[in-house]
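The values are calculated or read from the model by the stated rules, or taken from the named source; none is laboratory data. Source: prediction; values computed, not measured. Cβ: placed from backbone, ideal geometry, glycine included. Neighbour counts: every protein chain shown.
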Amino acid sequence: MIEGVILFLFLTSPLWIFIITKHQKYKKSTYRKETMNSYWKVIRDKGLLGEYFTTQRLDKVNGYHKFLVNCYVPNGKGGTSETDIIFLHETGIYVIESVNGQGKISISGHAKISSKK
């Protein structure tokens, strides 16, 4: 019995090392500081995971920058719309909407986005 437990722990140790390493990296990330989402919540939600990966990449951009994540901005119709990421950089302000899907994306007019499969 004890040999089986030891063998199981030995065989699964690379997986646990991988998970612990990823978890520690996430805990130090800008995305976690901004959202306070748990690691387990993010890895189970494709939308949140996409936002996390996007902020990871943008964090590597040279120059002074800040993130605003999951902000509500006025939509011009008296209400608000959620924006995934607003990236404030010394070169400008960038609004990023993460989309999990496939197909062709086209943009027309004032930020009207449509997708076709």
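Worth pointing out:
- The residue of the stretch 48-102 that is surrounded by the fewest Cβ atoms within 10 Å (Cβ to Cβ), among those that are of a type in the set (Asp, Glu) and closer than 24 Å to TYR26 by Cβ, is GLU82.
- Verdict on THR21 being without any contact (Cβ under 8 Å) to a residue 12 or more places away in the chain and in contact with a Pro (Cβ under 7 Å, 6 or more places away or on another chain): no
- Qualifying positions in the stretch 79-115 - in contact with a helix residue (DSSP H, G or I) (Cβ under 6 Å, 6 or more places away or on another chain) and at pLDDT below 85: SER98, ASN100
- Looking only at residues of the stretch 35-47 that are in contact (Cβ under 8 Å) with a residue 24 or more places away in the chain and surrounded by fewer than 17 Cβ atoms within 10 Å (Cβ to Cβ), we find that the one that is farthest from PHE87 (Cα to Cα) is LYS46.
- The residue of the stretch 60-78 that is nearest to the chain's Cα centre (by Cα), among those that are modelled with pLDDT of 90 or more and part of a loop (DSSP other than H, G, I, E, B), is LYS60.
- Residues of the stretch 16-59 that are among the charged types (D, E, K, R), assigned to a loop (DSSP other than H, G, I, E, B) and farther than 26 Å from GLN102 by Cβ: LYS28 alone.
- Scope the stretch 1-32; condition over 17 Å from the mean Cα position of the chain (by Cα) and β-branched (Val, Ile, Thr); matching residues: ILE2, VAL5, ILE6, THR12, ILE17, ILE19, ILE20, THR21
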